[in-house]
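What follows is a short report on a single structure.
The values are calculated or read from the model by the stated rules, or taken from the named source; none is laboratory data. Please read all numbers here as calculations on a predicted model, not as lab measurements. Glycine gets a Cβ as well: all are built from the backbone with ideal geometry, and neighbour counts include every protein chain shown.
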Amino acid sequence: MFSRRLILLLGCALLVSGAPLAPVYADSGASAVVADFGNKALQMVNDPQLPPAEREKRFGALLDRDFDFAKTSRFVLGAYWQSATEQERQVFAPSFRNYVAKTYAARFGEFTGASLTIKGERPEGPGSVIVNTTVMQRDSQNPARIDWRVSTDTGTPKITDVIVDDVSMSVTYRHDFAAMIKRDGGGIASLIGQLRSSDGADKR
């Protein structure tokens, strides 16, 4: 059975698998960005000659291309974004991005044998589309439902959230980061320091 946290990791890491992705709808920019990101990730993680450091670097490049970390950063900080200084805002987004890249690249091996099927998509509102997929892990009989929120309001579709069985990755981070800030009492500067010093392991 999938754990909730592992599924969230699975969604963001794009299901490291030897199986090809299901065909997507050719006229859908949102579905295409999800599928293309997955295909590129599969090529990368199944290369046995690729050193871990280079794998992390390439995965980070995929995140930069297909995820909107500026928009996601504003959401995961919630009310703290409004009180943050301009410098803190500028520093947080790349720190958050690096944390995600390191965390998920380090756990690619856990996702071998999973497969992704794109089921369709639906408009969520102006400038946002939800791409519906299911995920089957090699040793599981029950597929997990993973939805991808894709922003289309900037012209180029960008992924802003991964939602697993109605649990949002962005909302999970928002709760985690708020708890970290309240616990340490150091504000966003303290959170940035923790993200930068993290080795990428999901220890919470």
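Here are the numbers for this structure:
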quantity	calculated
Scope region 121-152; condition surrounded by 12 or more Cβ atoms within 10 Å (Cβ to Cβ) and charged (D, E, K, R); matching residues	GLU121, GLU124, ARG138, ARG145, ASP147, ARG149
Helices (runs of 4 or more DSSP H) fully within region 7-110 counting 3 or more residues that are β-branched (Val, Ile, Thr) and at pLDDT 80 or above	86-105
Tabulated pairs, region 76-91, first on the phi > 0 side of the Ramachandran plot, second of a type outside the set (D, E, K, R) and in a loop (DSSP other than H, G, I, E, B), C-beta under 6 angstrom, 6+ apart or interchain	none
Selected residue (only one of ILE181, ILE146 is closer than 26 Å to SER115 by Cβ and not polar (S, T, N, Q))	ILE146
